[in-house]
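Read the structure below first, then the notes.
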Amino acid sequence: MAANLRTSIKSVLRPIVLPIWRKIWARLETRLSPIESRVTTLDQAWNVHLPAFLNAVSTVGAFGHRLSAQAQELRQLSAQAQEFQKLSLRMQQELEAASGQIPRLWDRIEFARREMMFELAHGNRFDAAFGPKVESAPLIVNREKVETAIAAGNVRLNLGCGHLALPDHINVDMRNLPGVDIVASVDRLPFEVGTVSAIFSAHLVEHFPQEALRRRLLPYWMSLLKPGGMFQAITPDAAAMLKAAAGGDYSFEDFREVLFGGQDYEGDYHYNLLTPDSMTTLLTEAGLTEIAVPVAGRRNGKCYEFEIVGRRP
């Protein structure tokens, strides 16, 4: 009975429901058709463009990686450039410091060279003060005159007097000539340090090499002087002689003889040539003060000469 009822209901409802369902289905098909079409198009687009997209993405990644690597390399080069700049600046500073040391180093080398050459050239020919060697001890010829001057505290020396002895001085020469009171080398005198009132010499200092004069002889003489003691020297004036020779007022033979000495005996050789300025420098280095040049460019026979004085402080 139940089955007959269901069959009866279907028969009644079918003509009613079927047209409605067909109308609904038709509407659904109308809407689904564009969707199916788009799904097909999207599927094709996916299959075609996805590989290109993936390739593009991978290319961008590779380019970005390369760009990053280049940036890193650039940073490294920049750091190296900065280090090179610092190194260059440091090298420049070291070079400037070294260039400042070169003159001092050269002076030291030159000093050592001059010391060595001086000893080689003159060590066997000159004694302690580099004067011509006198092997014997000082010989006091006029002992009474010497002892009287010492007792009076008024020892005035005329060094290298030669034939021009001074009566108010103790005359010293390496030769036993008339008027000589002491036969000795001028660097080995029989007087104590600080006991001599005055030292005078005429045409003596040019007989000694420059370094002998600077390092030994002048300091030795200064040590003999009392405080306030006077030093006086007369020597050829190189500045005046050169000026006269250049002006044609001074013969070559006279200039040559004064320059090199008469060379008549062992002590008659000249080793030096001085000007008022150069002699002033030497006396200043020796410690003298109140240095003055009262006479310069004075003609004396074949020679132009100057006179210089100074005081031991």
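We did not get these values from a lab; they are worked out from the coordinates using the rules stated. Computed from a predicted model, the values in this text were never measured in an experiment. Every residue, glycine as well, gets a Cβ built from its backbone with ideal geometry; the counts of neighbours run over all protein chains shown.
Tabulated data for the structure shown
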| quantity | calculated |
| --- | --- |
| Relative contact order (%) - region 139-311, alpha-carbon pairs under 8 angstrom, separation at least six | 19 |
| Gln85-Phe191 pseudo-label distance in nm [points 7 Å out on the Cα-to-Cβ vector] | 7.2 |
| Difference of contour (0.36 nm per residue) and Cα-Cα distance, Arg298 to Asp168 | 44.4 nm |
| Highest average packing first - 136-147, 153-164, Cβ atoms within 10 Å | 153-164, 136-147 |
| Length added when fully stretched, Glu94-Leu139, from 0.36 nm per residue minus Cα-Cα | 10.1 nm |
| Cut-off 13 Å, label 7 Å out along Cα→Cβ of Arg156, residues of region 193-208 by amide N | 197-201 |
